[in-house]
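Please read the structure below before turning to the comments.
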């Protein structure tokens, strides 16, 4: 029932505390990487394992969002979520993140 209430509140333009989600990473980085899509996230994981340069990573990103940025989850799979940043420095950015980065506020 909470999911229905969250969906209804998003339709009418309100976000309740039960629906509020934020981006969080378990790293010391001040930002969370938001990828253009699931394919870009997979490519990033391969690049990291091969110690690629940061320039190769930047082309895969939709944006870098500050830790704790409020988001709306537009779609969710088993491993990834498609999100939209709804406030802050990365406002309006849409992209894919691992589901572990989406947390309750």
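Tally up the residues in segment 50-72 that are outside any loop (DSSP other than H, G, I, E, B), at pLDDT below 90 and in contact with a helix residue (DSSP H, G or I) (Cβ under 9 Å, 6 or more places away or on another chain), please.
The total comes to 2.
Return only the number of the condition from (1) modelled with pLDDT of 95 or more; (2) outside any strand (DSSP E or B) that residue 13 does not satisfy.
(1)
In segment 35-49, which residues are part of a helix (DSSP H, G or I) and either in contact (Cβ under 8 Å) with a residue 12 or more places away in the chain or in contact with a helix residue (DSSP H, G or I) (Cβ under 7 Å, 6 or more places away or on another chain) (or both)? So that I can check it myself, show each step before the final result.
Filtering segment 35-49 down to residues part of a helix (DSSP H, G or I) leaves 38-49.
38, 40, 41, 43, 44, 47 - these are the residues of segment 35-49 that are part of a helix (DSSP H, G or I) and either in contact (Cβ under 8 Å) with a residue 12 or more places away in the chain or in contact with a helix residue (DSSP H, G or I) (Cβ under 7 Å, 6 or more places away or on another chain) (or both).
Every residue in segment 82-93 that is part of a strand (DSSP E or B) and closer than 21 Å to residue 30 by Cβ, please.
Filtering segment 82-93 down to residues part of a strand (DSSP E or B) leaves 82-85.
Of everything in segment 82-93, those that are part of a strand (DSSP E or B) and closer than 21 Å to residue 30 by Cβ turn out to be 83, 84, 85.
Can you tell me how many residues within segment 74-93 are in contact with a helix residue (DSSP H, G or I) (Cβ under 7 Å, 6 or more places away or on another chain) and surrounded by fewer than 17 Cβ atoms within 10 Å (Cβ to Cβ)?
The first filter runs over segment 74-93 and keeps only residues in contact with a helix residue (DSSP H, G or I) (Cβ under 7 Å, 6 or more places away or on another chain), leaving 76, 79-81.
So of that shortlist, the ones also surrounded by fewer than 17 Cβ atoms within 10 Å (Cβ to Cβ) come out as 76, 79.
Counting residues in segment 74-93 that are in contact with a helix residue (DSSP H, G or I) (Cβ under 7 Å, 6 or more places away or on another chain) and surrounded by fewer than 17 Cβ atoms within 10 Å (Cβ to Cβ) gives 2.
The values are calculated or read from the model by the stated rules, or taken from the named source; none is laboratory data. Just so you know, these numbers come straight off a predicted model, no measurement behind them. Here the Cβ is made from the backbone with ideal geometry for all residues, glycine too, and neighbour counts use every protein chain on show.
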